[in-house]
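The values are calculated or read from the model by the stated rules, or taken from the named source; none is laboratory data. All values derive from a computational prediction rather than experimental measurement. Cβ placement follows ideal geometry from the backbone for every residue including glycine, while neighbour counts extend to all protein chains displayed. Remember, those area values only see protein heavy atoms, side chains included, never the ligands or the DNA or RNA. Shrake-Rupley method; radii C 1.70, N 1.55, O 1.52, S 1.80 Å.
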Amino acid sequence: MKKLLLLLIIALFSSTLVSAQTDIFSKPAKEQLVVDQAGVFTEQEIAQLKEKLHQFSKETSTQILIYTTPDLQGYDVGDFAQRLGQSWGIGSKGFDNGIVIVFKPKNSEPGRITIQTGYGIEPLIPDAIANQIIENEMIPEFKNGNIYNGFNKAIDVCISLTKGEFTAANYESQIKKSENIGGAVFILIIFLITVFSLIGKSRAGRHYNAGTKSNLPLWAALFMLGSGSHRGSGFGDFSSGSGSFGGFGGGSFGGGGASGSW
Amino acid sequence: MTQQQKKWIIIGVIVLAVLFLFSGIKNSYNKMATMDEQITGNWSQVENVYQRRADLIPNLVSTVKGYAAHENQTFTEIVEARAKATSVNINPEKLDAQSLQEFQSAQDGLSSALGRLMVVVENYPDLKANQNFRDLQAQLEGTENRITVERRNFNESVQAYNAFIRMFPKNLYAAVFGFEKRDYFKSLEGSEKAPEVKF
């Protein structure tokens, strides 16, 4: 019996493991802007890149994701990065100011690199510029084996091109505007029901002195139902904590950017 | 419990039931309308990115002409294909399979003309090294990616909508409100992936 139970648990566990593996684009548990699957950076390099990108995200809400992978799973590198950026939601919602840089190291096949720009970044880093960043800053360094240098130079260019365009302050003022008014309608309905039930009660009370409370639980229950439905929105918090990263913001990607190989 | 009280309770229950039924239908009607609008919106994005590609072509042709002046036939073909592709206008409110097919074939004509231009470019190393040309090449490549993305978004919104209106009990009244199944923007064999723009 015990063995059976154990087997069942293992079967359940492994099935969830398999399903987690099949969708490589689903959001990771820990949200951060440097993901080194291919292991091309040292610990210190990762820390430096993270420091720079998380700081930039905090100041401007613009998010740059660095993602390295040994295997593109059959996707074209640009397609891979677009899907990644879209489903992780790099950049903030509404501004769509995210940049995704995906790197596949050179092995038996040529190395692949792409810079994918969110909709909001497209005017600031047009495809031709993204291509020049790849050709001039990244590929020459990659050819010499200096992966970190290539990335560092490229993100410096991206930062200088997008700096000043988005700020965390005007991002916050934007999301405040778009808060929903759906809850107000619900409250109005409950108010009307309450009024009607009170009218009913007072009429009933006119003829019969005994206080009738039979209508009360209905609207009270409804009210409790309604109060639970109003919740805040789930955007990343850009203002909290120094050096910490508040999470991805829900930006969208439309396929803009450029790719290269060496 | 008196007769009077019973009457009020019954009226209250009926009013609530009607309210819930009404708000249920209202919500799914509004959701259908939103999803329908989403499809129209996504379609205009599809048209935008195809237009973006068409807009790149005059610049591309004139740059290539500077290096390969005598490839006249290729230039004529591409200019004609572009004119044909931009002349197909379809009503976003009536995106049926046939009009989508027309749009598709005109755009495919332009794709293959672009493909032939690329073959020609292979013979001109100086052109391939030209910075202006390389920028245009990057723009064209990015635009082909955008086309793939926006087509996918369009088809995904059609799929979500079609699935939504077929769910019980919405399938009973979706058609009454005029919400019909929508058509996908089908791609020809092998064109789901962005074509490689390599010179």
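Just a few scattered comments:
- Taking B:T34, B:T2 and ordering them by how much accessible surface each has at a 1.4 Å probe, largest first, produces B:T34, B:T2.
- Lys pairs under 25 Å by Cα in the range B:3-177, provided they are eight or more residues apart or on distinct chains: 8
- Hz values of 3J(HN,Hα) by residue in the range B:90-99 - Karplus curve (6.51, -1.76, 1.60), Gly and Pro given as x: 10, 6, x, 7, 10, 8, 8, 4, 5, 5
- Amide H within-cut-off set for A:V35, under 5 Å, with H built and near neighbours excluded: A:I66, A:Y67, A:T68
- Rounded to the nearest whole Hz, the Karplus-based 3J(HN,Hα) values (6.51 cos²θ - 1.76 cosθ + 1.60, θ = phi - 60°) of the range B:11-23 follow the sequence 4, x, 5, 5, 4, 5, 4, 4, 4, 5, 4, 4, 5, with x at glycine and proline.
- Taking the centroid of alpha carbons for each part, the range B:14-54 and the range B:82-113 are 25 Å apart.
- Between A:L192 and B:F20, the simple label model (points 7 Å from Cα in the Cβ direction) yields a spacing of 1.7 nm.
- Nonlocal amide H pairs with A:G256, under 5 Å, H built at 1.01 Å: A:T117
- Anchor B:K181: aspartates and glutamates whose Cα lies under 18 Å away (excluding residues fewer than 8 positions away in-chain): B:D36, B:E37, B:E93, B:D96, B:E156
- Radius ratio Rg over Rh of the range B:3-177, counting only Cα atoms, Kirkwood formula for Rh: 1.30
- Here the 3J(HN,Hα) profile of the range A:41-51, calculated from phi with Karplus coefficients 6.51, -1.76 and 1.60 at θ = phi - 60°, is 10, 7, 3, 5, 4, 4, 4, 5, 5, 4, 3 Hz, Gly and Pro shown as x.
- Local electrostatic count at B:S28 - Lys and Arg +1, Asp and Glu -1, tallied over other residues with Cβ under 14 Å: +3
- R0 of 22 Å, Cβ-Cβ distance A:Q32-B:R52: FRET efficiency to nearest 0.05: 0.05
- Full extension of the segment from B:T76 to B:V13, taken as 0.36 nm per residue of separation minus the current Cα-Cα distance, would add 15.3 nm.
- GluC sites (Glu not before Pro) within the range B:102-154: DSSP coil, no more than 14 neighbouring Cβ in 10 Å: B:E122
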